[in-house]
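Let me begin by presenting the structure, written as structure tokens, before commenting on it.
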């Protein structure tokens with residue numbers, strides 16, 4: 001008589017084992033390829049659009065100031081973009097060359113004397129001129145140092161740029177005996193707007209960021225961190241990560 005074989009305990013499975021994880025399918029691969037294409041084409045498209053917008057805007061500003069005989073569009077069957085940018089660069093360079101000469105300085109002083117006699121225009125011109133001279137001056141330290149300030153409340157830190165120190169008439173009016181610093185804090189994602197205020201020097205923490213790194217950090221709302229940059233050969237790793245996520 002043949003005795004029945006008794007199964008061992010380790011061979012008995014009360015619950016069926018879970019199936020082995022499936023590898024990423026064709027749909028996940030398509031999704032990864034599409035997102036990779038977006039990563040490649042997106043920056044190119046945005047950069048191209050910004051460059052085209054700048055060229056087109058300058059062309060429309062410069063074209064009414066230049067005689068039609070100097071425009072290549074007059075002799076070509078198609079519009080040639082970028083001519084206004086070239087003419088603007090040449091014109092500004094020539095203006096700077098003439099202003100550096102004695103005759104040019106005399107004409108510049110004469111023009112400023114005329115503007116100085118106009119009540120409303122005088123204040124606007126002087127303010128804008130001082131801003132341009134301060135920002136574009138090689139010796140000026142304004143907006144070249146990045147700092148941290150507590151804004152909009154205590155314990156909440158925001159990036160800002162150190163501006164010019166307060167004038168004596170304002171420094172004497174500020175409370176306390178501590179020196180104050182003028183800072184400008186841009187808004188996200190539009191850094192052309194923001195808040196400008198005076199703070200005690202002890203409440204301003206200077207950080208070792210360049211203005212370019214600070215602007216990227218502000219405009220991206222913290223996505224683009226300083227010192228973190230993808231190497232050109234890391235795109236395949238992005239594709240694999242997208243496939244795994246899918």
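The values are calculated or read from the model by the stated rules, or taken from the named source; none is laboratory data. Bear in mind the structure is a predicted one, so any value in this text is a computation, not a measurement. Neighbour counts run over all protein chains shown; Cβ positions are idealised from the backbone, glycine included.
Could you tell me whether any residue of segment 38-48 is over 20 Å from residue 220 (Cβ atoms) and either touching a helix residue (DSSP H, G or I) at 6+ places or on another chain (Cβ under 7 Å) or in a helix (DSSP H, G or I) (or both)? The answer is no, given that none of the residues of segment 38-48 is over 20 Å from residue 220 (Cβ atoms) and either touching a helix residue (DSSP H, G or I) at 6+ places or on another chain (Cβ under 7 Å) or in a helix (DSSP H, G or I) (or both). Consider segment 126-141 and keep the residues that are under 18 Å from residue 212 (Cβ atoms) and surrounded by 10 or more Cβ atoms within 10 Å (Cβ to Cβ). The one that is modelled with the highest pLDDT is 135. Look at (1) surrounded by 12 or more Cβ atoms within 10 Å (Cβ to Cβ); (2) farther than 23 Å from residue 154 by Cβ and you find that residue 180 fails only one, number (2). When the criteria are applied in full, residue 77 fails the requirement of being in a loop (DSSP other than H, G, I, E, B) and under 34 Å from the mean Cα position of the chain (by Cα).
Say whether the condition of being at pLDDT below 85, exposed (fewer than 13 other Cβ atoms within 10 Å of the Cβ), within 28 Å of the chain's Cα centre (by Cα) and within 30 Å of residue 184 (Cα to Cα) is met by at least one residue in segment 106-125. Taking every residue of segment 106-125 in turn, none turns out to be at pLDDT below 85, exposed (fewer than 13 other Cβ atoms within 10 Å of the Cβ), within 28 Å of the chain's Cα centre (by Cα) and within 30 Å of residue 184 (Cα to Cα).
Sub-6 Å Cβ pairs linking a first residue in segment 161-190 that is closer than 27 Å to residue 209 by Cβ to a second residue that is in a helix (DSSP H, G or I), at least 6 apart or interchain, are 179/201; 181/201; 186/218; 188/218; 189/219, ordered by first then second residue.
Looking at segment 142-246, the helices (runs of 4 or more DSSP H) lying wholly inside it that each contain 1 or more residues that are at pLDDT 85 or above sit at 168-171, 211-219.
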